[in-house]
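Here's the structure, in structure tokens; my notes come after.
The values are calculated or read from the model by the stated rules, or taken from the named source; none is laboratory data. Please read these numbers as outputs of a predicted model, since none were measured by experiment. Here Cβ is always computed from backbone atoms with ideal geometry, including for glycine, and neighbour counts include all displayed protein chains.
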């Protein structure tokens with residue numbers, strides 16, 4: 001009986017793909033957790049940009065930042081999101097917290113289907129978790145069940161590989177860790193006025209991953225570069 005080969009989605013982020021046997025398992029849901037400023041947003045943005053450059057259409061959904069803010073942040077690394085979007089290679093969708101309601105989740109799935117996206121980032125499930133009570137004011141809905149339904153709903157979209165961003169130690173992170181196929185943990189520590197950052201891979205479906213701590217740097221004009229001491 002032949003073993004089915006796992007199809008990999010390359011991030012093309014310097015030093016990362018070799019840690020997970022060449023890329024994310026295609027069709028997986030990945031949790032990107034970390035403290036503020038640890039690099040999780042930049043990593044996720046780089047994942048979308050590199051996909052767009054290599055012909056894989058992606059969508060970055062944000063509930064926390066305005067579109068123009070992401071454009072500005074990306075420009076520091078040499079990524080022209082506005083041009084990539086104008087060329088039809090990716091889509092940035094900012095949904096204000098006041099606009100999030102019961103239909104938002106269904107709208108997101110419909111947009112992904114209609115645009116035939118292969119890569120998606122949800123920034124962030126922490127925000128959705130915080131707004132849970134406001135979203136379902138007139139219905140009985142358990143927060144854990146909501147997060148489970150939301151994340152597993154992406155499994156129904158063929159060949160879609162999704163990153164879900166979450167603040168570390170939040171309720172959304174605790175629930176999502178059990179649901180997602182992989183967990184990327186970002187940490188940062190202030191050392192004498194500068195930051196020391198590292199990444200660890202807590203789990204990755206169908207992958208023999210390297211679970212050591214991996215220092216990385218965030219460089220203007222490049223983005224994230226992970227150091228491999230092998």
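Among the listed residues 112, 42, which satisfies the condition of being modelled with pLDDT of 95 or more, in contact with a strand residue (DSSP E or B) (Cβ under 7 Å, 6 or more places away or on another chain), farther than 30 Å from residue 198 by Cβ and part of a helix (DSSP H, G or I)? Full working, then the answer.
Values: 42 fails: farther than 30 Å from residue 198 by Cβ.
Within the list 112, 42, the selection yields 112.
Take the conditions out of contact with any strand residue (DSSP E or B) (no Cβ under 7 Å at 6 or more places or on another chain) and over 18 Å from residue 197 (Cβ atoms) and apply them to residue 52. Does it pass? Lay out the reasoning, then the answer.
Numbers: out of contact with any strand residue (DSSP E or B) (no Cβ under 7 Å at 6 or more places or on another chain): no; over 18 Å from residue 197 (Cβ atoms): yes.
Considered against the rule, which asks whether it is out of contact with any strand residue (DSSP E or B) (no Cβ under 7 Å at 6 or more places or on another chain) and over 18 Å from residue 197 (Cβ atoms), residue 52 comes out as no.
I'd like the full set of residues that are in a helix (DSSP H, G or I) and buried (at least 17 other Cβ atoms within 10 Å of the Cβ), limited to the stretch 50-70.
50, 51, 52, 70
Name the one entry in 62, 127 that is under 30 Å from residue 189 (Cα atoms) and touching a strand residue (DSSP E or B) at 6+ places or on another chain (Cβ under 7 Å).
62
Going by what's in this entry, would residue 101 be described as surrounded by fewer than 17 Cβ atoms within 10 Å (Cβ to Cβ) and in a loop (DSSP other than H, G, I, E, B)? Walk me through it before giving the result.
Numbers: surrounded by fewer than 17 Cβ atoms within 10 Å (Cβ to Cβ): yes; in a loop (DSSP other than H, G, I, E, B): yes.
Yes: the conditions hold for residue 101.
With respect to the numbered conditions (1) touching a strand residue (DSSP E or B) at 6+ places or on another chain (Cβ under 9 Å); (2) surrounded by fewer than 17 Cβ atoms within 10 Å (Cβ to Cβ), which one is the sole condition not fulfilled by residue 160?
(2)
Condition (residue is assigned to a loop (DSSP other than H, G, I, E, B), on the phi > 0 side of the Ramachandran plot, out of contact with any helix residue (DSSP H, G or I) (no Cβ under 8 Å at 6 or more places or on another chain) and without any contact (Cβ under 8 Å) to a residue 24 or more places away in the chain) applied to the stretch 200-220: is it met by at least one residue? It would help to see each step written out before you state the result.
First, the residues of the stretch 200-220 that are assigned to a loop (DSSP other than H, G, I, E, B): 205-213, 220.
Next, only the ones that are on the phi > 0 side of the Ramachandran plot stay: 206.
When the remaining residues are screened for being out of contact with any helix residue (DSSP H, G or I) (no Cβ under 8 Å at 6 or more places or on another chain), the result is 206.
Cutting the leftovers down to without any contact (Cβ under 8 Å) to a residue 24 or more places away in the chain gives us none.
Among the residues of the stretch 200-220, not one is assigned to a loop (DSSP other than H, G, I, E, B), on the phi > 0 side of the Ramachandran plot, out of contact with any helix residue (DSSP H, G or I) (no Cβ under 8 Å at 6 or more places or on another chain) and without any contact (Cβ under 8 Å) to a residue 24 or more places away in the chain, which makes the answer no.
Does the stretch 113-129 hold any residues that are within 15 Å of the chain's Cα centre (by Cα) and farther than 14 Å from residue 43 by Cα, and which are they?
Step one: filter the stretch 113-129 for residues within 15 Å of the chain's Cα centre (by Cα), giving 117-128.
Within the stretch 113-129, 117, 118, 125, 126, 127, 128 qualify.
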